[in-house]
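First up is the structure itself, then whatever we jot down about it.
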Amino acid sequence: MKNSSKILVTGGAGFIGSHAVVELTEAGFEPVIVDNFSNSQESALKGIEAILGHEVKCHRVDCTDTQALREVFVSEKDIAGVIHFAAYKAVGESVAEPLKYYHNNVGSLVALLQVMEEFTVTNLVFSSSCTVYGIPDALPVTEATPVKKANSPYGNTKQICEDILSDLANSGTQIKSIALRYFNPIGAHASAKIGELPLGIPNNLVPFITQTAAGIREKLTVFGNDYDTPDGTNIRDYIHVVDLAKAHVVAINKLLFGNTQKLEIYNVGTGKGNSVLEVIQAFEKASGQKLNYQIGPRREGDVPKIYADVTKATHELGFKTETSLEEALRSAWNWQMHLEKQTVSK
Ligand code: WQD
């Protein structure tokens, strides 16, 4: 459906946000980015422009700053909806700096909702996470799987944010929200002009793999191979970031043009689990690179295995992922090589 509805995308210069800005534009929406660049880089704006052939407007604003958000809503007339990505997401960092995470992740949602109510902007897509499930008792996890005590402050902020949306939904608000529980986003846009830009040593598996293959890291350490899984290594649901971005287009369409309850929650994954060793093998096949890795000790706080039941998103949103693990890993490798070229050319 062609429409020029204006969508505010907080964290729109980030990994998932930048891919969502591209997909929203290609679906006929008019995204406007709100980002304070505390965990993203201006180069993402250039990458988006290179893909779309035009600039996307960006307000350099901290989403915990209610007054600054008000000024954005004043200057951007007729906002049809908001997609809220802006948050910190490093599990380990959240254990070391919990207040930074509670202030930013919870504070930004509260500030945003207050301003949305003031301006009667009534459609919100919220970036949640499978971390709300903790260590599930049964797999695959459905949206009805009991939310357990999160095993990190980061995961707890996502649980608190979902509680805020639930309490707001029960308060008679006009705001309708869709919370998307992401599994493990990987890969990059086919153009290799936008992708994951981890600052410093990557926490996540796939950027560590691509940096090892590029010679930036000496070797990958597999965090444990003594888990109760077929090959002993952890299992996750790895979803290509472009598929994940498309899920946001489907969700905002549902809010604007469909009918929903005041709050709906959906798992967004492939519905398939892959182990760390399977990811390594798929990467070697996709890239033609032999990966240097060793088996090391378990990582504190790791969930042994989790992957999504995607029935609800399939039935209610008509959403299904289209990209295989190997294709997603190939796109991650292409992005890494693009980054190398950029570094060399500087
Ligand atoms: C994946 C698997 C590790 C690095 C995190 C966040 C989650 C979400 C996605 C935002 C695990 C193993 C990793 C390494 C390894 N982010 N691994 N060696 O922990 O599943 O989830 O990112 O929503 O909220 O918690 O992702 O990529 O860190 O780990 O063996 O050097 O790879 O043990 O099994 P994780 P990850």
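Here, each number is a calculation from the coordinates, and none is a lab measurement. Treat the numbers as computed from the prediction; the structure is a model and nothing was measured. Neighbour counts run over all protein chains shown; Cβ positions are idealised from the backbone, glycine included.
With 0.36 nm allotted per residue and the present C-alpha distance subtracted, the residue 170-residue 135 stretch has 9.8 nm of extension available. Between amide H atoms placed 1.01 Å from N, distances below 5 Å from residue 221 occur with 294, all of them 5 or more places distant or on a separate chain.
The alpha carbons of the range 177-255 stretch over 45, 35, 20 Å along the principal axes, in descending order.
Excluding residue 159 itself, calculate the net charge of residues whose Cβ lies under 13 Å from the Cβ of residue 159, where each Lys or Arg counts +1 and each Asp or Glu counts -1. Spelling it out: positives minus negatives among the neighbours equals +1. In the neighborhood of residue 57, defined by Cβ-to-Cβ distances under 12 Å, what is the net charge if each Lys or Arg adds +1 and each Asp or Glu adds -1? With Lys, Arg at +1 and Asp, Glu at -1, the net is -3.
In whole angstrom, how far apart do the alpha carbon centroids of the range 60-97 and the range 112-133 sit? Cα centroid of the range 60-97 versus Cα centroid of the range 112-133: 10 Å apart. How would the range 284-346 be classified by its alpha-carbon gyration tensor: rounded, prolate or oblate, with rounded meaning a/c under 1.5 and the a/b versus b/c comparison settling the rest? Oblate, since a/c reaches 1.5 and b/c is not below a/b. Annotation: extensible slack from residue 261 through residue 57 equals 70.3 nm (criterion: 0.36 nm per residue apart, minus Cα-Cα distance).
Give me the net charge for the shell around residue 140: Cβ to Cβ below 14 angstrom, other residues only, Lys and Arg +1, Asp and Glu -1. Local net charge: +1. Within the listed set 199, 112, 325, the Gaussian network model of the chain (springs between alpha-carbon atoms below 10 Å) gives the highest mean-square fluctuation for 199.
Computed on the range 217-346, with alpha-carbon pairs under 8 angstrom and 6+ residues apart, the relative contact order is 38 percent. Of 77/193; 89/219; 246/320; 272/320; 46/193; 6/176, which pairs sit farther than 20 Å apart, going by alpha carbon to alpha carbon? Among 77/193; 89/219; 246/320; 272/320; 46/193; 6/176, the Cα-Cα distance tops 20 Å for 77/193; 89/219.
Could you tell me which of rounded, prolate or oblate describes the range 207-346, using a ≥ b ≥ c as the square roots of the eigenvalues of the alpha-carbon gyration tensor, with rounded for a/c under 1.5 and, failing that, prolate when a/b is larger than b/c and oblate otherwise? Because a/c hits 1.5 or more and a/b fails to exceed b/c, the range 207-346 counts as oblate. Note on the chain: helix-only mean residue ellipticity at 222 nm, from DSSP H runs of 4+ residues weighted -39500 (n - 2.57) and normalised by residue number, equals -12000 deg cm²/dmol. Extension gain for residue 284-residue 70 works out to 72.2 nm (0.36 nm per residue, less the C-alpha to C-alpha distance). Across the range 157-258, Cα pairs under 8 Å and at least six residues apart give a relative contact order of 30 percent. Take the Cα radius of gyration of the range 35-180 and divide it by 2.2 N^0.38 Å, N being the number of residues; the result is 1.13.
If I take every Cα pair under 8 Å that is 6 or more residues apart in the chain, average their sequence separation and divide by the length, what percent do I get for the relative contact order? For the chain, the relative contact order is 19 percent.
The alpha carbon gyration tensor of the range 1-120 gives principal lengths a ≥ b ≥ c with a/c of 1.5 or higher and a/b no greater than b/c, which makes the shape oblate. Over the chain, the hull volume per residue, using the convex hull of the C-alpha atoms, is 131 Å³. Name the residue, out of 142, 25, 229, whose mean-square fluctuation peaks in a Gaussian network model built on the chain with Cα pairs under 10 Å. Among 142, 25, 229, the largest GNM mean-square fluctuation belongs to 229.
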